[in-house]
Amino acid sequence: FPSFQLFFVIFILFYKLHWKYQRINSTYSLAWDIVMDWGMMQNPIAVVPDSCAPNAASGGPSKNLSCAQTVLRPRLRFGASTSILILVIDMILRYSWLLRFWEKKLFPNSDVYILSTQFLEAVRRALWNLLRVEWENIKQTRGRDASGEADEEAVFENDPFLAPSTIAMSPLGRSKQTDDKHES
């Protein structure tokens, strides 16, 4: 009989820990999406006082950027309002696992619940992909001039994690590299 009580106490503790870990996981995943996957809010504490506070001369944010663009990212291909909307929808859908606590009240049976949550996850991932592809495109087009020509030194100097230049990837570039290695 005492072992059953011990089992029950351990079960309650694990249940409470599971709740906390789910909240931590969802919050961390949301923060990872925003900062790492979308390149937004890289350092909002340093950005906000300088850009979102009204200037005495102009009466608005500096550098002709909205406060949202400055905090999120200076270049937003979908615009500030669309990016904020996607961010809010992603935040809500990140916590859609909470629907399981109202499953019996909201859904007629468990199959409808599973279908609904899977559909919501597919929508969340589609929206996630919009901002992820946008961020990758922005990273790839950094340092380009008006004609579209890339200034490779500027691009690869600022972003060392990007792929090496196309010359090194071409067969001619490889043979030249191997010749250089054999000479030394």
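For ARG23 and GLN140, the FRET efficiency from 1/(1 + (r/R0)^6), where r spans their Cβ atoms and R0 equals 30 Å, is about 0.30.
As a rough guide to protection, the peptides 7-13, 67-73 ranked by mean Cβ packing within 10 Å, highest first, stand as 67-73, 7-13. Straightening the chain between TYR95 and PHE11 buys 27.9 nm, computed as 0.36 nm per residue apart minus the Cα-Cα spacing.
Throughout, read-outs are computed from the coordinates displayed, never taken from laboratory work. Fair warning: this is a prediction, and the values are worked out from it, not measured in the lab. Note that we place each Cβ from the backbone using ideal geometry, even for glycine, and neighbour counts take in every protein chain shown.
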